[in-house]
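The values are calculated or read from the model by the stated rules, or taken from the named source; none is laboratory data. Here the structure is a predicted model, which is why all the values come from computation and not from measurement. Cβ placement follows ideal geometry from the backbone for every residue including glycine, while neighbour counts extend to all protein chains displayed. Ligands, DNA and RNA are stripped out before the accessible areas are found, and what is left, the full protein with its side chains, is counted by its heavy atoms. Shrake-Rupley method; radii C 1.70, N 1.55, O 1.52, S 1.80 Å.
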Amino acid sequence: MIDLGRNYMCGITGYTGINQAGPILLEGLRRLEYRGYDSAGIAIQSESKKDEAGENGGDNTSCTLKMLKATGKVSHLADKFEAEPDFKGVCGIGHTRWATHGVPSDTNAHPHLSADGKFAVVHNGIIENFADIRAELQKYGIEFKSETDTEVIVQLLAYNYKGNFKKALMKTIARLTGSYAIGVISDEHPGTIFAAKQASPLIIGIGIGENYFASDITALVSNTKNVIDLDDGEVAEITPDEVKVFDHTGKEIDKEIRHINWDIASAEKSGYEHFMMKEIMEQPHALKATIEPRVKDETIVFDEIKGLDMKKFNRVHITACGSAYHAGCVGRAIIESLCKIQVEAEVASELRYRDPVMDEKTLVIVISQSGETADTIAAMKECKYKGATVLAIVNVVGSSIAKLADYCIYTWAGPEIAVATTKGYTTQVALLAMFAVWAAGELKTISHGAYTSMVIDIMHLPERAQRALDLNTKVKKMADKYYDNQSLFFIGRNMDYAVALEGSLKLKEISYLHSEAYAAGELKHGTIALIEPGRLVVALCCYEKLFEKTVSNIQQVKARGAEVLAVAHEGNRSIFQEADDVLLVPQTDPLLVPVIEIIPLQLFAYYVAKKNGCDIDKPKNLAKSVTVE
Ligand code: AGP
């Protein structure tokens, strides 16, 4: 599997120099707000004091570590800072947290302090072996305060520390598996920050008599435009006058200083013009974050749903809104196909008022990126009232839906800022596929060979998503050709139809063009009357079992003058005879097609909206989280 890392959750920053660190750290955190977060915190080395014993690795002074944390906005943290006039120091670290392990709270917010108060750490990433390290340290009597994976880093560091900061840190990171970008300060090393990186982003900002680090350029750009990119496995020792970088063996290495010329706005979007495009491009990373931690030795492991007994249920009901519902339509097909159990999918705004027939033998799956959608919450309450067990698939940790559900699996897609969901949807579909394979294993409705083959295909999704992005550089050209169609159709069969629903919604919501998704075979029962010369029909042709059938529908619309833009698998030659234009995606298991097939359609919607001058990230009349009925 390609190593894509998880580079979007949380933001970290640090400063060491001659100025007060507090305001600089808070400004850095404000700049990182766009990444999405639910709590924030800073730690500083306050006033130095004389170290009489002179035991501190060459330094003859030490200091006290002070911390401030706040759930919610950076502005809350800034208020706390204003109320603490003694919170003074010229070296510190800061963090915006987007919860993954443990709910958003002051205790779980970073920085985390070692039990002896000697070290403070900020961390972006996920430590996969945190449970083992935690158990081991607890045996030595070390007490943990938070529910986070991060706290093991600082506790292990304090445990390993015998007077040499760098040595202790190198020993600590050698034990970690997963992803991390960390910044650490110690009470015994005034003015020094150590930073380390593995599969999460970290850059160092070079100033004059002051230096910085951060998750990305945004937090640094107003202070310096000279940066060093830390690479995986490297460790940096940052002091006001110097930055030393070491490789994983501890040997000092030379690093190039890069000059950047981004302004703040382009830095927030990693150079992309819109968050939507950034999030489309993040999908391989997001899928990896969703999938990889849940596959062990070609087996799907859901620690989150231990105790969920699939044998108890005789039916599954999926409910959600908008794109999440479209993900549910895909989920219905996958679960039915693999688990041989009756599955229905229904929009939550209908289900909540329908008096549905369900009982304790019903498993209800609710899907929501935000975890706050009012209709979905109401529907799940209704289902719970009827005795059903509710499993939620949610992106935002600690959200209302996550809390209300009996079981919750997080997509871990990272914060999604653009109103139109992209990585939210693909990670939901990937998780539903994983759930279906897991459940089929529990129910013994899948052979060992089929199970393993599905798991392998699921593990390949991140790189196939990347391939779909790489293959579709010409989508912009298609958008330039078709952008002024005022009304169009998306057609497909089976999985392709489910993707048509999402492709059509994506186009509608950001480009304001009228578009409808139709089951390809249904077109001739009335809607074909609307097909006229020049009408664009987007034909989804990746579900190969029914390819010939979809081709007949393409021929029917072409005979009436429609232009056809098809989406098909690489290697499908015959589609070029049928369609006017073709977008290609890589092959995958038929049940996983939607994760890949939607990608060119997201790009198509994006470029059409751009050509039409629409406000892509904030389309008119829409909100990211629909908390009203
Ligand atoms: C998707 O692009 C839409 N903005 C919208 O349909 C969304 O999927 C729907 O409102 C559900 O939101 P949720 O996933 O946060 O519950």
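For this structure, a couple of remarks:
- Within the stretch 365-376, residues that are more than 13 Å from A345 (Cα to Cα) and of a type in the set (A, V, I, L, M) reach partners that are open to solvent by 20 Å² or more (accessible area, probe 1.4 Å) and more than 7 Å from the ligand (Cβ to nearest atom) with beta carbons closer than 7 Å, at six or more positions or on different chains, in the pairs A374/T627; A374/V628; A374/E629.
- Just one of the numbered conditions (1) touching a Leu at 6+ places or on another chain (Cβ under 7 Å); (2) within 12 Å of the ligand (Cβ to nearest atom); (3) in a helix (DSSP H, G or I) is not true of I393: (3).
- Of all residues in the stretch 406-457, those satisfying the criterion of being away from the ligand (no atom under 16 Å from the Cβ) and either in contact with a His (Cβ under 8 Å, 6 or more places away or on another chain) or among the aromatic types (F, W, Y) (or both) are Y407, F435, W438, Y451.
- One residue stands out among those in the stretch 418-458 that are in contact (Cβ under 8 Å) with a residue 40 or more places away in the chain and in a loop (DSSP other than H, G, I, E, B): the one that is surrounded by the most Cβ atoms within 10 Å (Cβ to Cβ), which is A420.
- Screening V103 on (1) open to solvent by 40 Å² or more (accessible area, probe 1.4 Å); (2) part of a loop (DSSP other than H, G, I, E, B); (3) farther than 30 Å from S400 by Cα shows it passes everything except condition (3).
- Residue in the stretch 189-204 that is part of a strand (DSSP E or B) and at positive phi present: yes
- From the list K386, K361, K403, K381, the one residue that fits, being closer than 25 Å to G441 by Cβ and more than 14 Å from the ligand (Cβ to nearest atom), is K361.
- Of the candidates G102, G94, G117, G72, the single residue that is small (G, A, S) and in contact with a Gly (Cβ under 7 Å, 6 or more places away or on another chain) is G94.
- Test: residue in the stretch 316-326 that is under 24 Å from the mean Cα position of the chain (by Cα) and under 30 Å from I127 (Cα atoms): yes
- Top-ranked residue of the stretch 333-342 - restricted to ones that are of a type outside the set (A, V, I, L, M, F, W, C) and over 13 Å from M495 (Cα atoms), ranked as nearest to the ligand (Cβ to nearest atom): Q342
- Single residue of V347, V295, V330, V316 found to be touching a residue at least 40 places away in the same chain (Cβ under 8 Å) and either within 16 Å of the ligand (Cβ to nearest atom) or touching a Phe, Trp or Tyr at 6+ places or on another chain (Cβ under 7 Å) (or both): V330
- Flag if D309 is more than 12 Å from the ligand (Cβ to nearest atom), open to solvent by 40 Å² or more (accessible area, probe 1.4 Å) and modelled with pLDDT under 95: no
- Considering (1) within 16 Å of the ligand (Cβ to nearest atom); (2) modelled with pLDDT of 95 or more, the lone condition that L461 does not fulfil carries the number (1).
- Residue in the stretch 295-306 that is surrounded by the fewest Cβ atoms within 10 Å (Cβ to Cβ), counting only those that are charged (D, E, K, R) and outside any strand (DSSP E or B): D297
- Hits in the stretch 109-125 (condition: surrounded by fewer than 24 Cβ atoms within 10 Å (Cβ to Cβ) and in a loop (DSSP other than H, G, I, E, B)): S114, A115, D116, G117, K118
- Contact map, the stretch 148-159: first residue farther than 21 Å from V397 by Cβ, second residue assigned to a helix (DSSP H, G or I), Cβ cut-off under 6 Å, separation 6 or more or different chains; pairs are Q155/L137; L156/I133; L156/T172; L157/A168; L157/T172.
- Screening the stretch 545-621 for helices (runs of 4 or more DSSP H) wholly inside it with 3 or more residues that are open to solvent by less than 10 Å² (accessible area, probe 1.4 Å) returns the ranges 547-559, 593-611.
- From the options E597, E548, residue that is touching a residue at least 12 places away in the same chain (Cβ under 8 Å), away from the ligand (no atom under 16 Å from the Cβ) and of a type in the set (D, E, K, R): E597
- Tally, over the stretch 331-357, of residues that are hydrophobic (A, V, I, L, M, F, W, C) and open to solvent by 50 Å² or more (accessible area, probe 1.4 Å): 1
- Hey, E463 assigned to a strand (DSSP E or B) and surrounded by fewer than 22 Cβ atoms within 10 Å (Cβ to Cβ) or not: no
- I510 vs. criteria farther than 19 Å from V429 by Cα, touching a residue at least 24 places away in the same chain (Cβ under 8 Å), within 16 Å of the ligand (Cβ to nearest atom) and β-branched (V, I, T): yes
- The strands (runs of 3 or more DSSP E) found wholly in the stretch 211-294 and carrying at least 3 residues that are more than 24 Å from the chain's Cα centre (by Cα) occupy 226-229, 235-238, 243-246.
- Failed item in (1) in a helix (DSSP H, G or I); (2) within 16 Å of the ligand (Cβ to nearest atom); (3) not aliphatic (A, V, I, L, M), with S515 passing the rest: (1)
- Hey, I393 within 19 Å of K288 (Cα to Cα) and not polar (S, T, N, Q) or not: yes
- Residues in the stretch 606-629 that are touching a Ser or Thr at 6+ places or on another chain (Cβ under 6 Å) and either within 12 Å of the ligand (Cβ to nearest atom) or hydrophobic (A, V, I, L, M, F, W, C) (or both): 5 in all.
- Of residues in the stretch 370-417 being surrounded by fewer than 24 Cβ atoms within 10 Å (Cβ to Cβ) and hydroxyl-bearing (S, T, Y), the one farthest from L601 (Cα to Cα): Y385
- The sole residue among K508, K524, K477 that is touching a strand residue (DSSP E or B) at 6+ places or on another chain (Cβ under 9 Å), surrounded by fewer than 16 Cβ atoms within 10 Å (Cβ to Cβ) and not aliphatic (A, V, I, L, M) is K477.
- Checklist (1) under 25 Å from D480 (Cα atoms); (2) away from the ligand (no atom under 15 Å from the Cβ) applied to Q587, failing item: (1)
- Unique residue being open to solvent by 30 Å² or more (accessible area, probe 1.4 Å), small (G, A, S) and either closer than 30 Å to E336 by Cβ or not in a helix (DSSP H, G or I) (or both) when the list is G534, G503: G534
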